[in-house]
């Protein structure tokens, strides 16, 4: 039995069902969708920018180390805390989707 989810959320199964509507078995559509998401993930891990024309661009952004102030501590050694550098993943929609 399918579990209820947010009506504004499209899950992988929902996408597979939409693709399967184009005369493809749902299992095959799921494999295609999994291959696509794996390819995007692999590209991002290698530091590549992944562009799907008409849909958007996925990219990995390197965020440098930064310092933040703890508002609960006025001063002293606990006032500033270092936030480690990290990789942030972002998606930017294409012009077609922005219109």
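The values are calculated or read from the model by the stated rules, or taken from the named source; none is laboratory data. Note that this is a predicted model, so its numbers are computed, not measured. No Cβ is skipped: glycine too gets one built from the backbone with ideal geometry, and neighbour counts run over all protein chains shown.
The figures follow:
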read-out: Of all residues in the stretch 67-85 being surrounded by 11 or more Cβ atoms within 10 Å (Cβ to Cβ) and either within 19 Å of the chain's Cα centre (by Cα) or part of a strand (DSSP E or B) (or both), the one that is modelled with the highest pLDDT; value: 83
read-out: Condition check for residue 20: in contact with a helix residue (DSSP H, G or I) (Cβ under 9 Å, 6 or more places away or on another chain) and either closer than 17 Å to residue 92 by Cα or in contact (Cβ under 8 Å) with a residue 12 or more places away in the chain (or both); value: no
read-out: Condition check for residue 22: at pLDDT below 85 and surrounded by 13 or more Cβ atoms within 10 Å (Cβ to Cβ); value: no
read-out: Odd one out for residue 49, checked against (1) under 14 Å from the mean Cα position of the chain (by Cα); (2) at pLDDT below 80; value: (2)
